[in-house]
Ligand SMILES: [Fe+2]
């Protein structure tokens, strides 16, 4: 099975002014595409039962694969999965992205964080203070409880048995052209383009 770069559900300029067109184009067509190509190359060297797994299963079972292929699968499989998830939880603000969540996801956030404002504060802290490259996540555990956590590089919470439902990419390639070293400004802008309906869909799966 060859993995493929997913098409974005919006144009490269659709998330302006929060994420600029050039960043979106490079991030999707170069960075994400590069992870997909390297994942496919790495998978040519693995047993067929590993090669045929969908990317989320590869990441979930990372601790069970042979040592010599774990690092490339972790980096390139993670790079593919994490970016794919990131694109799907974004929505142009003109089409309803951003704002505060409603429905089941709002109730779950209130239940597990006390209020949306507390959740946002905790998430912002993780996203802005993560050292180096990585992601900030909202995840669901086996009992249905929500929590937030950071991961380094292309590590993914799936490997630790958690189900991610919202993520922000805080690698410099995600924001440096527009925001340079001002990561907190990028994180603040990102709240305007979250697709909360999609986050709720992921919660309900
Ligand atoms: Fe990225």
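Measure nothing fancy, just the Cα-based angle from helix 78-88's long axis to the longest principal axis of the chain, in degrees from 0 to 90, nearest 10.
The helix 78-88 is inclined about 30 degrees to the chain.
Given R₀ = 30 Å, FRET efficiency for residue 100-residue 205 by Cβ-Cβ distance, to 0.05?
For R0 = 30 Å, the calculated efficiency reads 0.85.
How much length, in nm to one decimal, is gained on full extension between residue 180 and residue 41, taken as 0.36 nm per residue of separation minus their Cα-Cα distance?
Additional length available on full extension: 46.8 nm.
Going by alpha carbons, how many degrees (0 to 90, nearest 10) lie between the helix axis of 116-129 and the longest principal axis of the chain?
50
For Cα pairs less than 8 Å apart in space and 6+ apart in sequence, what is the mean separation divided by the residue count of the chain, i.e. the relative contact order in percent?
Relative contact order, the chain: 26 percent.
Could you tell me how many degrees, from 0 to 90 and to the nearest 10, lie between the Cα long axis of helix 33-43 and the main elongation axis, the longest principal axis, of the Cα atoms of the chain?
That helix lies at roughly 30 degrees to the long axis.
Please compute the length gained on full extension between residue 16 and residue 131, using 0.36 nm multiplied by the number of residues separating them and subtracting their Cα-Cα distance.
Gain in length upon complete extension: 38.7 nm.
Report the normalised scattering of segment 6-69 as log10 I(q)/I(0) at q = 0.12, 0.17, 0.22, 0.29 Å⁻¹, calculated by the Debye formula with identical scatterers on the alpha carbons.
Debye output, listed in q order: -0.45, -0.70, -0.89, -1.24.
Between segment 32-46 and segment 154-205, what is the C-alpha centre distance in whole Å?
The distance from the Cα centre of segment 32-46 to that of segment 154-205 comes to 23 Å.
Seen from all sides and averaged, what is the projected area of the convex hull of the Cα atoms in segment 117-169, in nm²?
Mean shadow area of the hull around the Cα atoms is 3.5 nm².
Express the Stokes-Einstein translational diffusion coefficient of the chain in µm² s⁻¹, to the nearest whole number, given a Kirkwood radius over alpha-carbon pairs, 10 °C and a viscosity of 1.306 mPa s.
So the translational diffusion coefficient is about 91 µm²/s.
Starting from one equal scatterer on each C-alpha and no solvent at all, send me the Debye-based log10 I(q)/I(0) for segment 93-204 at q = 0.20, 0.23 Å⁻¹, two decimals.
So the normalised log intensities work out to -1.14, -1.43.
Hey, quick one: spin label on residue 33, modelled 7 Å out along Cα-Cβ, who in segment 154-176 has an amide N within reach, i.e. under 18 Å?
Answer for segment 154-176: 173-174.
All of the numbers you see were taken from the coordinates with simple rules; none came from a lab. Treat the numbers as computed from the prediction; the structure is a model and nothing was measured. We place every Cβ from the backbone using ideal geometry, glycine too, and count neighbours over all the protein chains shown.
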